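Following: one structure in structure tokens, then a few remarks.
Taken together, the values in this text are just the output of simple stated rules run on the coordinates, not laboratory data. Just so it is clear, the structure is predicted and the values come from calculations on it, not from any experiment. So basically every Cβ, Gly included, is an ideal-geometry build from the backbone, and we count neighbours across all protein chains shown.
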Amino acid sequence: MRHYQFPRRYLSLVTQTVGDWVVLRRPRADGGNLAYFATARVTAVEPDPRSPALSFARLSDYLEFDRPVAWRREGHYAEQTLREMPTTQVGVYLRGRSVRLISEADFARLITVGLEDTLAPANASRLGIDPAYLREIRAGLVDAGPAEREWQIDQALTSRIVRDAGFRRVVIDAYEDTCAVTRLRIVNGGGRSEVQAAHVWPVAEGGPDVVQNGIALCGTVHWLFDRHLISLTDDYRLLVSHNKVPPEFRQLFGQAGDRIHLPKSPDIWPHPAYLLKHRERFAAS
């Protein structure tokens, strides 16, 4: 997600968030369940050139939660403003307030719940992280006082360790610990999968940490993929640079043109736009 489009009446509020983190929530209008599903940083606010009544909030560092966070859990609302008013008034208050400010304490709690699986020390071995680091990040979000909370939030959400761990978790789960190219599935006694989570469009070049920008690959195939010696067509068939990939490497996978192993749900297959970026580098290599 690269931007958020909103009407003019929210311009003042959204402008206040530039440079800060926001949490995104699914609206009921399009069939959503009002759950918070991701966070991102607002980098700029720009007018929509196609409509003077609309504007865009440009987003960076988009990060989906491990699972959506309900806006009301165990009878308590996630936002302090809602908790402080009678339940009968909440629906009326929310009308026309799709954008609203929340406290840093509420934001930190939402992040902690939203990234619960990624930050759980019990999952550290599977995700390849030091559990002590996860405990430190989680404690910073939960226990930080007002003076240091902003820094702790930024630390957690910009940490490449945390983001890579979350990305690895969703990708290897989607591919069921199976390499998309070799179809090998190896999991050690500690539950750690042999496959790695590869970005189709590298983060360093602007690629997002979303499952549609990921593919599960074993180590050697990941190395080939990152160097654009192999790539994929839009219908997920293998492309191989035969003049650069040694024959002994090609024995690891099937023939060029074979369709790779994909997740059960097409919604989380690699996105064609990201595949195109990878294929352009493949063609130029």
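Couple of notes before you dig in:
- Were the residues from D154 through R58 laid out at 0.36 nm apart, the gain over their Cα-Cα distance would be 32.8 nm.
- The simple spin-label model puts a point 7 Å past each Cα toward its Cβ; for A147 and T15 those points are separated by 3.3 nm.
- Calculated [222 nm] ellipticity per residue, helices only, for the chain: -10000 deg cm²/dmol; basis is -39500 (n - 2.57) per DSSP H run with n ≥ 4, divided by all residues, nearest 500.
- Relative to the 2.2 N^0.38 Å rule of thumb, segment 218-258 has a C-alpha radius of gyration ratio of 1.04.
- Once the C-beta distance of A204 and E116 is scaled by a Förster radius of 25 Å, the resulting FRET efficiency is 0.35 to the nearest 0.05.
- Other-chain or far-sequence residues with amide H under 5 Å of I215's (modelled H): A198, V200
- Dividing the convex hull volume of the alpha carbon atoms of segment 168-230 by its residue count gives 78 Å³ per residue.
- Gain on full stretching of the segment that runs from I186 to R8 - 0.36 nm per residue minus C-alpha separation: 58.8 nm
- Cα-Cα separations in the chain greater than 29 Å, expressed as whole percent: 43
- For segment 132-254, size of Cβ-based charge dipole, Lys and Arg +1, Asp and Glu -1, in debye: 380
- The spacing between segment 259-285 and segment 1-25, judged by their C-alpha centroids, is 30 Å.
- Dipole magnitude for the chain: computed about the Cα centre from +1 point charges on Lys and Arg Cβ and -1 point charges on Asp and Glu Cβ, it is near 640 debye.
- Fully extended contour minus Cα-Cα distance, from D258 to R67, at 0.36 nm per residue: 65.4 nm
- Between 0 and 90°, nearest 10: helix 160-174 axis offset from the chain longest Cα axis: 70
- Efficiency of FRET between V90 and E136 - r from beta-carbon atoms, R0 25 angstrom, step 0.05: 0.10
- Hz values of 3J(HN,Hα) by residue in segment 2-13 - Karplus curve (6.51, -1.76, 1.60), Gly and Pro given as x: 9, 7, 10, 8, 8, x, 4, 5, 9, 4, 4, 5
- Once C-alpha pairs closer than 8 Å and six or more residues apart are averaged by separation and normalised to the residue number of the chain, the relative contact order reads 12 percent.
- Between helix 272-284 and the chain there is an angle of about 40 degrees, using the helix long axis and the longest principal axis of the Cα atoms.
- Computed from backbone phi with θ = phi - 60° and the Karplus coefficients 6.51, -1.76 and 1.60, the 3J(HN,Hα) list for segment 72-87 is 9, 10, 6, x, 10, 6, 6, 10, 4, 4, 6, 5, 8, 10, x, 4 Hz; x is used for glycine and proline.
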